[in-house]
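J.: The structure that follows is given in the form of structure tokens.
The numbers here are math on the coordinates, done by the rules we state, and not lab data. Worth saying up front: this structure is predicted, and the values here are computed from it rather than measured. Backbone-built Cβ (ideal geometry, glycine too); neighbour counts: all protein chains shown.
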Amino acid sequence: MVSLCELEIGQEAEISQFLDTGIKFNTQRFGLFEGGKIKCIAKPGPVIVEISRQVVAVGKNLSKKIFVDICENK
């Protein structure tokens, strides 16, 4: 398990945990929820992820509080 900010561009992951429930509830409205599959598509400062055909920018500080399990590419 790593924080969202540690993902490399092109890596896919599954969101596994949020640092606290406030973050969990605030990010759900953007489609970020536990068990959700995401793909890192850019890191120009914030982490840009794709989830369910939607592109979301997650600020650097917030991305350190969201933990993911990296999916192995097959």
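J.: Being polar (S, T, N, Q), surrounded by 14 or more Cβ atoms within 10 Å (Cβ to Cβ) and touching a Ser or Thr at 6+ places or on another chain (Cβ under 9 Å) is the requirement here; does Ser3 meet it?
T.: Considered against the rule, which asks whether it is polar (S, T, N, Q), surrounded by 14 or more Cβ atoms within 10 Å (Cβ to Cβ) and touching a Ser or Thr at 6+ places or on another chain (Cβ under 9 Å), Ser3 comes out as yes.
J.: Just the residues that are part of a loop (DSSP other than H, G, I, E, B), closer than 16 Å to Val55 by Cβ and among the charged types (D, E, K, R), please, taken from the stretch 1-44.
T.: So the first thing to find is which residues in the stretch 1-44 are part of a loop (DSSP other than H, G, I, E, B), and the list is 1, 7-11, 19-20, 29-36, 43-44.
Next cut, closer than 16 Å to Val55 by Cβ only: 7, 9-11, 29-32, 36, 43-44.
Across the stretch 1-44, the qualifying residues are Arg29, Lys43.
J.: Could you check how many residues of the stretch 14-33 are surrounded by fewer than 17 Cβ atoms within 10 Å (Cβ to Cβ) and under 14 Å from Val2 (Cα atoms)?
T.: 4
J.: Out of curiosity, is Ile48 in contact (Cβ under 8 Å) with a residue 24 or more places away in the chain, among the hydrophobic types (A, V, I, L, M, F, W, C) and surrounded by 13 or more Cβ atoms within 10 Å (Cβ to Cβ)? Walk me through it before giving the result.
T.: Details: in contact (Cβ under 8 Å) with a residue 24 or more places away in the chain: no; among the hydrophobic types (A, V, I, L, M, F, W, C): yes; surrounded by 13 or more Cβ atoms within 10 Å (Cβ to Cβ): yes.
When the stated conditions are applied, Ile48 does not pass them.
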